[in-house]
Amino acid sequence: MDFKLTAEEQAFRLEVQDFLRRELTPNIWLAHRDPTEQGMWTADFTKAFRRKLGAAGYIGMGWPKEYGGGGRNRIYQTILWDEMEYHRAPGIDRSVTYIPNAVIAFGSDAQKAEFLPKMVRGELSWFVGYSEPEAGSDLANLKTKAVEDGDYFVITGQKAFSSDAHMADYGWVATRTDATSTKHHGLTMFIVDMTLPGVTVSEYPTLAGWTHHAVHFDNVRVHKSMMVGARDQGWKVVMGAIDYERGALASAGLVNYQLDRLLAWCAQPREGAAPLLDDPVVRDELVRLAIEAETAKLASYWLASLSAKGLRPQHESSVALLVKRETSRKFDAAGLELLGQFAPLRAGSPAVALAGEVEVEYRDHLYFQFAAGGFDITRNVVATRGLGLPR
Amino acid sequence: MDISLDSDQQMLHETAVTFAANVMTPARIRELEETDAGFDASVWKQIAEMGWAGALFPEQYGGSEASAVELALVVEALGQGAIPNPLFSTVIEAGLLLLDAGSPIQRETYLPRIASGDAILTTAILEASGGLRPQEIRTTITKAGNGFTINGTKLFVRDASTAEVIIVAGRTGDEAEDVTLLIVPQNAPGLTLRRMPASGGESLWQATFDNVMVDSDALVGDDGNAWAAIARLQLRGAAFKSAELVGIGQASLDLTVTYAKTREQFGGPIGRFQGVHHHCAEIYRDLQVSRLLVWQAAASLGEGLAGSREVSMAKAKCSDAMPAATRIAHQIHGAIAYYRDYPLELYYHRAIAAQAAYGDAGHHRRVLSELMRTDLDGFRGDNRHDLPVHYF
């Protein structure tokens, strides 16, 4: 047991920090931030930045070397995610985390040969086609169908809550191939080229200010070579990818940033008043938050340590993600309180506090409570898969 | 970085959990709670024979030079089994205090006999205010001939009735930290003990010193300069008590999950209901992060007071979350666990005592608050670099 980074790990952290400082200067920030995008950066910048991550060797660090990966353990990946989140950098998302890992685990040799080299260079953007209007928390209820027709499957249906679909090159799409089946059986995963005829993307503005998307498939003909894993065995692929997804999202960089930002705000001199930090009630609140932030940090590196040992964390990933996201929401709420009168002000207002970011995040982070398994759904997962309670 | 147990640590933990689960029945535990000693000397001897009493001592004193993380795993396991034992009084307080600040003769006299389970020792620090700051020590120690005279009343002295000596802290000057430690035989003339009946299975005592006299060789460390050693004692106490709280939480969770799987109502086990899922997941979540904080706190010990931030975070979180876990556990059990013959009551009571020991959650948040006032950077994340300038 060792709570400190090794010299090599620390050197990597510093290297990533240098990279991010260089690539996300204030001028770049001002030129490319975009509050209408979910990732808060323009689509073009997000894609360009992802290629830079690829060029720097930061994508695929943990993949096996035979797929162009760096063969580095999960501690390094967690350091990378941690720093990326702290800097609110774009590009670390499904396109470079769990989709390539699922391709490695479940893809055919041809799929690996076609997609992994492009993915490791950061050239591909993906959307995940799991959720549908009638299949959210109850994902196995999905209705999008894929019907075999010679060498093709014909896909028809609608995906909902499809993050970044408008900038995606490919979709990672769960379909029902056995119309007589229900629930977890008879599902099949496909990789769908978003330029195929019959694929359309529609827009839904969110209360957080950015635009979300839905994807419609109207008799889209997908070659059977784009099927991932075995026919009717898609649930296994979905589940295998989800544990990795939760682990990747559990990084504590965001929470560390929220802590640092709030500490800086409270330490600031104020005209006509003492710094908030002089108030013991404020400090007690900050101490409570700092303890929670510490638990999020420890949980993410605990998860990384288990993975680095070759274990396959399952419900542990859910716990770590729950801790991180619940902690982040505590910071959101406390941020409003500690900003006082300034809490509702948005960017552009005179005397706006922290560029209005706390208020934006208070709205934006609402999705933590329902995306990738909401808080309560995650608790169900922990109770059933972790503690063995009956469903 | 590696935040996980290695295979030896896992084996140690499993061994300790198995030991604690089998060494005595709940009925025997309740019986011991009614005695003055509070623990079973033969069981303590077994614990010592497992190597756990001397775990942190050097080999020359019969120890095995294990790490604090390993002792924390043992403490957690004994907490999980609710096994009454004098580990806190004898090892974590007195033994490690003597290892830290005692003379070679004092160490040689006591540590091997502590490690073998033959000597019970304790310390007497707290007084009427119940607080942990140096100025709250009002007992006086005055020089008298070739020795010292002690006057005052100590509270919350663990295992005083079975201890052969009590290491007492007293005031020698007007400055807050003018504090001295003395080793006092428990049967010294002028020393009287009175039981403090309390929840949680500990044998706690009031110790009144009325002109108690000891020789100069009773002095532990430097005369008038003992506060730093006492602060380290409290830090160790808080870290290991946090480990006990994790054991309490684990036992509460285990009982609750077992009950939820087997108790049938409305045509099936109650563990199928989401309300029960969520409660159990909450206990598990808080238990797991508390455990991580405890590992970190234990790992930080041995670095002097540098571990204060880590220890206070652990004790603050565990003192809040683990008693809460016992309350949720009772919620799921309902009436059945309200009866004394159901084992959950052991943990409900132990949580009351453990959250208070070596500083409750409020105390440790105040410690952290003061650290935050004086060293804000110590609270920043590992990223620890300047915030993007364009935010200000």
Within the P(r) computed for the stretch B:1-138, what percentage of the Cα pairs occupies the region above 19 Å?
-> 55
Calculated FRET efficiency, A:A179 and A:E66, Cβ-Cβ r, R0 41 Å, to nearest 0.05?
-> 0.60
With a Cα-only, solvent-free Debye model of the protein assembly as shown, what are the log10 I(q)/I(0) values at q = 0.09 Å⁻¹?
-> -0.91
Note on the stretch A:172-221: alpha-carbon gyration tensor, axes a ≥ b ≥ c; rule is a/c under 1.5 for rounded, else prolate if a/b larger than b/c, else oblate; result oblate
Heavy atoms only, probe 1.4 Å: what % of the accessible area of chain B goes to carbon and sulfur, would you let me know?
-> 50
In the stretch A:7-92, how does Rg compare with the Kirkwood Rh, expressed as the Rg/Rh ratio over alpha carbon atoms?
-> 0.99
Hey, can you list the residues from the stretch B:280-296 whose accessible area shrinks by 10 Å² or more with all protein chains present, relative to the chain by itself (probe 1.4 Å, no ligands or nucleic acids)?
-> B:C280, B:A281, B:E282, B:Y284, B:R285, B:Q288, B:V289, B:L292, B:L293, B:W295, B:Q296
Surface/4 of the Cα convex hull for chain A, nm² = 20.6
Would you mind checking which residues have amide H under 5 Å from A:T188's amide H? H placed 1.01 Å from N; only 5 or more apart, or other chain.
-> A:T175, A:R176, A:T177, A:D232, A:G234
Chymotrypsin sites (Phe, Trp or Tyr not before Pro) lying in DSSP loop within the stretch B:324-354, provided at most 14 other Cβ fall within 10 Å | B:Y339
Buried area at the A-B interface (accessible, heavy atoms, 1.4 Å probe, summed, Å²) = 5700
Using DSSP to define loop residues, name the chymotrypsin sites (Phe, Trp or Tyr not before Pro) in the stretch B:239-314 whose beta-carbon has at most 12 other beta-carbon atoms within 10 Å.
-> B:F266
Heavy-atom accessible surface, probe 1.4 Å, ligands and DNA/RNA ignored: which residues of the stretch B:1-16 lose at least 30 Å² versus the isolated chain?
-> B:M1, B:D2, B:I3, B:S4
Among all the lysines, which ones have a C-alpha under 30 Å from B:K143's C-alpha, if same-chain residues fewer than 8 places away are not counted?
-> B:K154
Expected 222 nm ellipticity per residue - DSSP helices of 4 or more, -39500 (n - 2.57), all of chain B, to 500 = -15500 deg cm²/dmol
Which whole number of Å³ per residue matches the convex hull of the alpha-carbon atoms in the stretch A:127-238?
-> 91
Write down Rg/Rh for the stretch B:254-326, rounded to two decimals, with Rg from the C-alpha atoms and Rh from the Kirkwood relation over Cα pairs.
-> 1.20
At most 11 other Cβ atoms within 10 Å plus a DSSP loop assignment makes a site exposed; report the longest stretch of chain A without any exposed GluC sites (Glu not before Pro).
-> A:135-270
Going by alpha carbons, how many degrees (0 to 90, nearest 10) lie between the helix axis of A:253-267 and the longest principal axis of chain A?
-> 20
Determine the per residue accessible area of the stretch B:187-301 with all protein chains present and a 1.4 angstrom probe, expressed in square angstrom.
-> 37
Among B:225-231, B:94-100, how do they line up from the highest to the lowest mean number of other beta-carbon atoms within 10 Å?
-> B:94-100, B:225-231
At a Förster distance of 41 Å, what's the computed FRET efficiency of A:T200 paired with A:A343, Cβ-Cβ distance as r, to 0.05?
-> 0.55
So if we plug the beta-carbon distance of B:T109 and A:L311 into 1/(1 + (r/R0)^6) with R0 = 56 Å, what FRET efficiency do we get, rounded to 0.05?
-> 0.75
Mean accessible surface per residue for the stretch B:7-119, computed with a 1.4 Å probe while every protein chain stays in place, in Å² = 38
Among A:K47/A:K309; A:K330/B:K315; A:K47/A:K297; A:K65/A:K309; A:K118/A:K145, the pairs whose Cα-Cα distance exceeds 23 Å are A:K47/A:K309; A:K47/A:K297; A:K118/A:K145
Note to self, chain A gives a 222 nm [θ] from helices alone (DSSP H runs n ≥ 4, -39500 (n - 2.57) apiece, / all residues, nearest 500) of -14000 deg cm²/dmol
Using only atoms on other chains, find how many Cβ atoms lie within 10 Å of each Cβ of peptide B:363-372 and report the average.
-> 5
Computed on Cα atoms, Rg of the stretch B:228-376 relative to 2.2 N^0.38 Å comes out at 1.17
Label-point separation in nm, A:T211 to A:S108, each point 7 Å along Cα→Cβ | 3.6
How large, in percent, is the carbon and sulfur part of the accessible surface of the stretch A:183-283 at a probe radius of 1.4 Å?
-> 58
Looking only at Cα atoms, what is the convex hull volume of the stretch A:250-386 per residue, in Å³?
-> 110
Within 10 Å of each Cβ of B:254-261, how many other protein chain Cβ atoms are there on average?
-> 2
For A:351-363, mean number of other protein chain Cβ atoms within 10 Å = 1
Rg over Rh [alpha-carbon atoms, Kirkwood Rh] for the stretch B:125-177 = 0.98
Whole-Å semi-axes of chain B's equivalent ellipsoid, largest first, each the root of 5 times a Cα gyration tensor eigenvalue?
-> 36, 26, 20
Write down the radius of gyration of the stretch B:98-157 and its Dmax, each obtained from C-alpha positions, in Å.
-> 14.4, 36
Which ³J(HN,Hα) values, rounded to whole Hz and listed in residue order, are derived for the stretch A:4-13 from phi using the Karplus coefficients 6.51, -1.76 and 1.60 in 6.51 cos²θ - 1.76 cosθ + 1.60 with θ = phi - 60°, glycine and proline given as x?
-> 9, 5, 5, 4, 5, 5, 5, 4, 5, 4
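The values are calculated or read from the model by the stated rules, or taken from the named source; none is laboratory data. Everything numeric here is computed off the predicted structure, so don't read it as measured data. Every residue, glycine among them, receives a Cβ derived from its backbone with ideal geometry; neighbour counts consider all protein chains shown. For the accessible areas, the whole protein counts, side chains as well, though only heavy atoms, and no ligand, DNA or RNA atoms are used. Shrake-Rupley method; radii C 1.70, N 1.55, O 1.52, S 1.80 Å.
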